[in-house]
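So the structure is just underneath, and the comments pick up after that.
The values are calculated or read from the model by the stated rules, or taken from the named source; none is laboratory data. Values in this document were obtained by computation on a predicted structure and should not be read as measured data. Positions of Cβ are backbone-derived with ideal geometry, glycine not excepted, and every protein chain shown enters the neighbour counts. These accessible areas exclude ligands, DNA and RNA; they are computed on the full protein's heavy atoms, side chains included. Shrake-Rupley method; radii C 1.70, N 1.55, O 1.52, S 1.80 Å.
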Amino acid sequence: MEKNQPFVEIRHARKCYGDLEVLKDISLTVDRGEIVAIIGPSGSGKSTLLRAINDLDPLTSGEVWLEGTLVNQVLPHHRYEKHINQVRQDIGMVFQHFNLFPHLTVRGNITLAPRMLKGLSSEEADQLAVDQLERVGLLDRIDFYPSRLSGGQKQRVAIARALAMKPKVMLFDEATSALDPELVEEVNLVMKRLAEEHMTMIIVTHEMAFAASVCDRVIFMDHGVAIESGPPDRIFQNPTEERTRAFLSRHLRNS
Amino acid sequence: MDTELLLRVYPFFLEAAWVTILLSLYTTLLGLFCGSLGAACRLSRLRFLRTLGVAYVSFFRGTPAIIQLFLLYFGGPQVGIQLDAFEAGVIGLGVNIGAYMTETIRGAIISVDKGQAEAARTLGMSRIQSFRKVVLPQALRLMIRPLGVNINALIKGTALVATISVVELTYTAQRFIGSTYRPFEMFLLAGVLYMIIIYLTGRGIAWLDRRARIV
């Protein structure tokens, strides 16, 4: 791939709920292997932006591109479904509330989609589950139901489930916000390991310390606008925008 | 209370109870079929089907079941629908309870956390795949108990078909009152048999519910 073609690109994203404009003409690019954090106050539109990347919350206008493919194509229903289901296999997503399937074991959670969508045999799928669970350090929980896992373990399984589709990019929507403080670290560690493997990641987070230590770039959003963007050192130590400064001082005071 | 009389008539009541059980069983099956179809309509992407679903539920919940039954059994022949009393009973009650089951099934489906379908769709599953493998298995567990409530109402509702002379429990009680003039004993006996049927059904539902919750 040419260096000047971005891996993920959002062009002029706008999103309205009735009269409320939650995304106001946002454009951004993410390179392959880059790790980007999106920070900002709640209601700033950062989750909406993230959920627009796999078209879970479709944009009102604007484009999302992944590796030269337009994600949010306007197509007749059946063709759109086929297209988006294909694209979504390449975009892993991790949710704040894990959204593990409670009626399936950890193994079932991880293997369901690969078996269904990639036609893996049960042996291949099992091996895949083993591999992914090793990555998140939970191989011994393979036959557990989610109800028997701690929050941190649930989120690590959710990450393994997303990784099992071999995605090109991973989206994290406040992956540690619902966790007890003592469980945050184990999830952060898994994410750090992914960063070391050069997984492309877009991370919506409230954890400034984590963003600072892991991410290549931080984007600060407020009221549907990307206020400023830059390397974490600069954003956290020396923000140029007044709103960023105000947010950071408020945030650091509260935490 | 005339116990000797009870001993003499109870075999007839047992036979009638069997008719009530069959009637309930067929009605339940038809109700589940109509309810699933109705719920599928109510949750469809197509507006036409949604409207159809709403119309179905509104009509059958918004009019007395006895009117629906009479319409089918007495009014049917006028428009070329010839059914015997038992058939009319099953169809009339089944389609009626199906409207209630439509709402039960739909309620269970929409109360499965939205994040479940989102997670499935995010992995690349289609709407149908995500419904079949993720949402429905969870909804089935949620709908067992409320469907049990529908079935309980349905069993008691079968008494209605006495009015179109299906020889079930209530009809049998009335018939024996005509010849014995002992309404107290006859209705009491019928009531006890209804209670036994409902009790056992309730146990069955509770068992299913427990089994479904094993994880």
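Some values worked out for this structure:
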quantity: Leading residue by the ranking (most open to solvent (accessible area, probe 1.4 Å)) among those in region A:28-57 that are farther than 22 Å from A:M208 by Cα and touching a residue at least 40 places away in the same chain (Cβ under 8 Å); calculated: A:R32
quantity: Spans of helices (runs of 4 or more DSSP H) in region B:28-124 with at least 2 residues without any contact (Cβ under 8 Å) to a residue 60 or more places away in the chain, away from chain A (no Cβ under 14 Å) and more than 30 Å from A:I91 (Cα to Cα); calculated: B:47-62, B:65-73, B:85-110
quantity: Boolean, B:A153 is more than 14 Å from chain A (Cβ to nearest Cβ), without any contact (Cβ under 8 Å) to a residue 40 or more places away in the chain and under 30 Å from B:G76 (Cα atoms); calculated: no
quantity: Residue tally, condition open to solvent by 40 Å² or more (accessible area, probe 1.4 Å) and facing another protein chain (nearest Cβ under 9 Å), over region A:105-115; calculated: 0
quantity: Of all residues making up region A:96-139, the number that are among the hydroxyl-bearing types (S, T, Y) and closer than 20 Å to B:Q138 by Cα; calculated: 2
quantity: Residue that is away from every other protein chain (no Cβ under 14 Å) and either among the hydrophobic types (A, V, I, L, M, F, W, C) or touching a strand residue (DSSP E or B) at 6+ places or on another chain (Cβ under 9 Å) (or both), where the choices are B:L147, B:L140; calculated: B:L147
quantity: Residue list for region A:217-230, filter: farther than 24 Å from A:C16 by Cβ and either in contact (Cβ under 8 Å) with a residue 60 or more places away in the chain or open to solvent by 70 Å² or more (accessible area, probe 1.4 Å) (or both); calculated: A:R217, A:V218
quantity: Among residues of region A:47-67, those that are at the interface with chain B (Cβ under 8 Å from one of its Cβ atoms) and polar (S, T, N, Q), counted; calculated: 1
quantity: Close pairs from region A:68-96: first touching a residue at least 40 places away in the same chain (Cβ under 8 Å) and within 13 Å of chain B (Cβ to nearest Cβ), partner open to solvent by 30 Å² or more (accessible area, probe 1.4 Å) and of a type outside the set (G, A, S), Cβ under 7 Å, at least 6 apart; calculated: A:Q89/A:L117; A:D90/A:K168
quantity: Test: residue in region A:121-135 that is surrounded by 14 or more Cβ atoms within 10 Å (Cβ to Cβ) and in contact (Cβ under 8 Å) with a residue 40 or more places away in the chain; calculated: yes
quantity: Failed criterion for B:G38 (all others in (1) small (G, A, S); (2) over 18 Å from the mean Cα position of the chain (by Cα); (3) buried (at least 17 other Cβ atoms within 10 Å of the Cβ) hold); calculated: (2)
